[in-house]
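The values are calculated or read from the model by the stated rules, or taken from the named source; none is laboratory data. The structure presented is a predicted model; accordingly, all values stated were derived computationally and were not measured. Methodologically, a virtual Cβ is constructed for each residue, glycine included, from the backbone with ideal geometry; neighbour enumeration extends over all protein chains shown.
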């Protein structure tokens with residue numbers, strides 16, 4: 001059974017940077033997910049959210065959201081971020097669309 005969960009950090013084939021799954025688990029059941037890239041060195045910006053997970057750390061680029069169709073891309077799980085980080089990141093993404 002297919003399973004990608006919000007907050008997971010994935011290595012996706014043919015993608016340079018790891019990505020963070022930001023879409024909710026209900027949406028991810030479609031075998032698609034909305035992800036944001038994770039990089040190491042990025043200047044301060046309200047939409048660049050730093051995090052530290054168990055194995056990885058970096059900065060999530062919230063303005064670089066992409067829809068990935070995992071029916072056609074291989075991937076592997078690298079790590080998972082804390083729930084408090086998920087809240088900060090999804091709040092930043094929501095701010096892009098708020099008035």
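Looking across segment 12-68, the residues that are more than 26 Å from residue 2 (Cβ to Cβ), part of a loop (DSSP other than H, G, I, E, B) and in contact (Cβ under 8 Å) with a residue 24 or more places away in the chain come down to 46, 47.
Matching residues to (1) modelled with pLDDT under 95; (2) under 14 Å from the mean Cα position of the chain (by Cα); (3) surrounded by 13 or more Cβ atoms within 10 Å (Cβ to Cβ); (4) within 18 Å of residue 74 (Cα to Cα):
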residue: 5; (1), (2), (3), (4): no, yes, yes, yes
residue: 8; (1), (2), (3), (4): no, yes, yes, yes
residue: 12; (1), (2), (3), (4): no, yes, yes, yes
residue: 18; (1), (2), (3), (4): no, yes, yes, yes
residue: 24; (1), (2), (3), (4): no, yes, yes, no
residue: 28; (1), (2), (3), (4): no, yes, yes, yes
residue: 45; (1), (2), (3), (4): yes, no, no, no
residue: 53; (1), (2), (3), (4): no, yes, yes, no
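Scanning segment 69-99 for residues that are surrounded by fewer than 12 Cβ atoms within 10 Å (Cβ to Cβ) and either in a loop (DSSP other than H, G, I, E, B) or touching a residue at least 24 places away in the same chain (Cβ under 8 Å) (or both) yields a total of 10.
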